[in-house]
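The values are calculated or read from the model by the stated rules, or taken from the named source; none is laboratory data. Only a predicted model underlies this, so the values are computations on that prediction, with no experimental measurement involved. Heads up, the Cβs are rebuilt from the backbone with ideal geometry, glycines too, and the neighbour counts pull from every protein chain shown.
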Amino acid sequence: MGEVVNYNRENEIAYISVNSPPVNALSLPVRTGLQKAFQKFSADSEAKAAILICEGRTWIAGADITEFGKPPEDPWLPKIVEQMEDCEKIIVAAIHGTALGGGFETAMGCHYRCAVTTAMVGLPEVTLGLLAGATGTQRLPRLIGVKAALDAMVSGAPIPAKVAYEAGAIDELIEGDLREGATEYVKRLLSQGAKPIKVREIEIDTSDIGEHFFAEYRNGMAKRTRGYFAPEQIVKCVEAAVSLPYQEAVKKEGELFMECMMSSHSVAQRHLFFADRACGKVLDVPKETPLRPIKKVAVIGGGTMGGGIAMNFANVGIPVVLKEINEAALEKGLEIIRSNYNATVTKGRMSAEQMQDRLNIISGTIDYSGVGDCDLIVEAVFENMALKKEIFGELDKVAKAGAILASNTSTLDIDEIAKATNRPGDVIGWHFFAPANVMTLLEIVRGAGTSKDVIATSMAMAKKIKKIAVLVGVCFGFVGNRMFFPYVREAQQMILEGVSPERIDQVAFDWGMAMGPNAVSDLSGLDVLDKVKSEWEDRPEDPSLWAVGSKLVEIGRLGQKTKAGIFTYAGRTAVPDEAVAKVAKEEAVRLNVKQLENVSDEEIIERLMYSMINEGALILEEEIAMRSSDIDVVFVHGYGMPRYRGGPMRYGDTVGLAKVVEAMEKYRARYGDMYWTPAPLLARLAASGGSFSD
């Protein structure tokens, strides 16, 4: 039978148990084991019913993702699901933990489903750019209805067992021990003379969908699924379920599944699935590295960023002290936090009691002595090296031994900041992204002297506060901002060359970015970018660098906060402004910047993206990032790059690095060597036919 699937009969009930840690994924050995187990069940004349149950912490949690993109190996899942359903004796799925994707499809191949109340089920394949390809798109509408099935599959969100029970996907909820409860349920079914219920034979209820239902559904999902390939294919599968005979619809599902599987979108989304998990692994910091206890945290600076940082810790029950320079500033900072929480309560995402619980563990101080007993102190003042060094000098005097001293700098040298202390091993960068209580990315910046237990503790704490942490090295801008700078550079250079800001942003948006580069610059604040430029000691000697932004700052157009930047603003809506075109033309004349005609969308994307890819190659060569996939994680979680592009480095691989280098040489011939010389790593990979993911 094999060790991963076991067959055991007790009286008239057979127990088919899956034991393939850690999540009982549907690997080839598991599928083979299931096939043999159900063959044995069918041949066992003394077995009247079977319970499919799993050992460990979860039911079959899904497919073995490492097999995706490889040639399928028999037995493949649709065949097993059909084999189970065709069995003439009752098969009951007994679910705990998560039954997702292929796991839930396996459960829907059973004749009945029971689950503990804490279980979750669902078809999240869309998050990998796929659809449920083992008849899931055909079965779920039969169990819970067309709209509910579409909502579940297009969102990919897991469904709590109680909700699934009320909808019809679960037949029985089990209180207490699952095995005992499932056994009692099966005995009851047998005593009632229950017969196998084949989900495929259930008629889909179309009474609640009108003639234009699918067109209306597509319109409704358009904004939230913008650019993604798989959601539309899921809708097509459900359309087929409604309009075609079952076997024809299953064939359609199989064809569309393969289209999804072979798409660049799915390849990119699967790449990110593994990248999100790999970024937490630090090669030279052993897993067994002891962690420092973090029972109390301080945040220095109570502005919007500091308040958002404090909320992350309060949200997971860690007491926080907010330190400000005086009582007025402190009260303002605490009010920012109250206001943020209150907005969440108003939206129904948190109860008033939960808000109060969080506020109760946030306190304030205007004296550095008030943070002396904290285990982690996060400095969150504005980007000024002198100020940060002054603060770290004070913290060095008052912080207890072993406290971690973290700077929320977005660009500055952590090693220089650490010199203000006598404990460089305790100093590290924690670069949160705004708004800090919402954005999932956290760049953790490792200084030359940062100790390994500080790194390990920081990575673990990031996970606790529900952040995706990427460890990076010290350079100006680290990974994210260092690569964002050429993106902004090319956007503003194109404005100087006569391309309208709104066109640049529209092309970037259509490519998939959440916002165009110019709108992002306005949101961040053009004055902030100008301040960054002034702190950038080794910036290129280029008078045209961010020249448009600097000129707009001079005339008081700072971005959204002043209702005018590269765009003017009606509320938060960006409106093109002829005054900016006039500024750009004047600056172009002053800087002798040639005006371009007929700039293609392709050129806009090449200049925005390839400039970042080249910078990423330099970052990898300098070992500022551990992996190319870490860079991708930074840009997807921190900069609004769509998951279906996979991040900038994955996008370079998708385009082909030789093509990237070819385009760079084209712009090098036009603009010179300063920005468009291919990085040595990029050039080597392109010449050898390699890729960053290699």
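Do any residues in segment 440-465 that are buried (at least 20 other Cβ atoms within 10 Å of the Cβ) have Cβ atoms under 7 Å from those of residues that are part of a helix (DSSP H, G or I) and modelled with pLDDT under 95, where the two are at least six apart or on different chains, and which pairs are they?
Listed pairs, sorted by first residue: none to list.
Of the residues GLY308, GLY302, only one is in contact with a Phe, Trp or Tyr (Cβ under 8 Å, 6 or more places away or on another chain), surrounded by 17 or more Cβ atoms within 10 Å (Cβ to Cβ) and in the same structural domain as THR457 (by TED's automatic domain parsing); which?
Going through GLY308, GLY302 in turn, the sole match is GLY308.
Quick one: count up the residues across segment 544-563 that are at positive phi and either of a type in the set (Ser, Thr, Tyr) or touching a residue at least 12 places away in the same chain (Cβ under 8 Å) (or both).
Narrowing segment 544-563 to residues at positive phi: 546, 556, 559, 563.
Right, trim to either of a type in the set (Ser, Thr, Tyr) or touching a residue at least 12 places away in the same chain (Cβ under 8 Å) (or both) and you get 546, 559.
Counting residues in segment 544-563 that are at positive phi and either of a type in the set (Ser, Thr, Tyr) or touching a residue at least 12 places away in the same chain (Cβ under 8 Å) (or both) gives 2.
Sort through ILE16, ILE65 and tell me the only one that's touching a residue at least 24 places away in the same chain (Cβ under 8 Å), surrounded by fewer than 21 Cβ atoms within 10 Å (Cβ to Cβ) and out of contact with any Ser or Thr (no Cβ under 8 Å at 6 or more places or on another chain).
It is ILE65.
One line per residue, one yes/no per condition, for (1) more than 30 Å from the chain's Cα centre (by Cα); (2) of a type in the set (Gly, Ala, Ser):
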position: VAL454; (1), (2): no, no
position: LYS466; (1), (2): no, no
position: PHE478; (1), (2): no, no
position: ASN481; (1), (2): no, no
position: VAL499; (1), (2): yes, no
position: ALA514; (1), (2): no, yes
position: VAL520; (1), (2): no, no
position: ASP542; (1), (2): yes, no
position: LYS551; (1), (2): yes, no
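So how many residues does segment 641-692 have that are small (Gly, Ala, Ser) and crowded, with 23+ Cβ neighbours inside 10 Å?
3
Give segment 214-237 a look and list any residue that's under 22 Å from the mean Cα position of the chain (by Cα), hydrophobic (A, V, I, L, M, F, W, C) and either closer than 15 Å to PHE257 by Cβ or part of a helix (DSSP H, G or I) (or both), or say none.
MET221, PHE229, ALA230, ILE234
Only residues that are surrounded by fewer than 24 Cβ atoms within 10 Å (Cβ to Cβ) and in a helix (DSSP H, G or I): list them for segment 142-160, please.
Within segment 142-160, ARG142, LEU143, ILE144, VAL146, LYS147, ALA148, ASP151, VAL154, SER155 qualify.
For segment 329-339, state whether one or more residues are surrounded by 14 or more Cβ atoms within 10 Å (Cβ to Cβ) and farther than 27 Å from SER524 by Cα.
Among the residues of segment 329-339, not one is surrounded by 14 or more Cβ atoms within 10 Å (Cβ to Cβ) and farther than 27 Å from SER524 by Cα, which makes the answer no.
Of all residues in segment 486-534 being among the polar types (S, T, N, Q) and crowded, with 22+ Cβ neighbours inside 10 Å, which is farthest from THR568 (Cα to Cα)?
Of segment 486-534, the ones among the polar types (S, T, N, Q) are 492-493, 500, 506, 518, 521, 524, 534.
With the extra rule that they be crowded, with 22+ Cβ neighbours inside 10 Å, the set shrinks to 492-493, 518, 521.
On the way: GLN492: 16, GLN493: 20, ASN518: 12, SER521: 13 Å.
The selected residue is GLN493.
So that you can scan it fast, the table gives a plain yes or no per residue for (1) without any contact (Cβ under 8 Å) to a residue 12 or more places away in the chain; (2) outside any helix (DSSP H, G or I); (3) closer than 21 Å to ILE504 by Cα:
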residue	(1), (2), (3)
VAL593	no, yes, yes
ARG607	no, no, yes
ASN614	no, no, yes
ASP632	no, no, no
GLY640	no, yes, yes
TYR644	no, no, yes
THR654	no, no, no
ALA658	no, no, no
VAL661	no, no, no
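Specify which of the listed residues (GLU105, GLU125, GLU180) is more than 19 Å from SER266 (Cβ to Cβ) and either surrounded by fewer than 24 Cβ atoms within 10 Å (Cβ to Cβ) or not small (Gly, Ala, Ser) (or both).
The unique qualifying residue is GLU180.
What residue, of GLU85, GLU105, is assigned to a helix (DSSP H, G or I), in contact (Cβ under 8 Å) with a residue 60 or more places away in the chain and of a type outside the set (Phe, Trp, Tyr)?
GLU85
List pairs: first residue in segment 152-175 and under 17 Å from THR58 (Cβ atoms), second residue part of a helix (DSSP H, G or I) and not hydrophobic (A, V, I, L, M, F, W, C) anywhere in the structure, Cβ distance under 6 angstrom, at least six positions apart or on different chains.
Cβ pairs passing all conditions: ILE174/GLY181.
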